[in-house]
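Here's the structure, in structure tokens; my notes come after.
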Amino acid sequence: MLAGCATTGSDTPSLRDEIAADKAAFKTCADRQATRMIETTDFEPQTVATTALARCDSHWQDYTAGLQLLYTRQTRNITYGHLQSRSEGFDLNHQVHREIRQRAEKARAGGAQRGA
């Protein structure tokens, strides 16, 4: 993990805190969207996961923009910052997508068992 990037002002959150908040907001938003879709629709699990993430794109964009700024500040290399932030952002995206898809699959399997 990269060190530094904390601000000196006590009232201003550090860039790392902002990134963590954006990451948490993305995950919370995706979870909320997925829950709503699982409870109210019969979409395929893949569709549930993809749609939930798409509806939270602004949080994901904020998260990756913060990462890019962090890496660029540390290395003074805009290209590296861009590539590294996108890589971490897509890792998070894939992780959350997989978790939501699994939740939707379990919910669907549970519904099928109740209906039988």
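Details
- Count of the stretch 79-100 residues which are closer than 15 Å to Trp60 by Cα and hydroxyl-bearing (Ser, Thr, Tyr): 2
- Selected residue (criterion: farthest from Ala52 (Cα to Cα)) from residues of the stretch 105-116 that are of a type in the set (Gly, Ala, Ser) and part of a helix (DSSP H, G or I): Gly115
- Scanning the stretch 77-94 for residues being closer than 20 Å to Ala49 by Cα and free of Cβ contacts under 8 Å to residues at least 24 places away in the same chain gives a total of 5.
Bear in mind that the values in this text are calculations on the coordinates, not laboratory data. Since this is a predicted model, take the numbers as computed values, not measurements. Don't worry about glycine lacking a Cβ; one is built from the backbone with ideal geometry, like all the others, and counts go over all protein chains shown.
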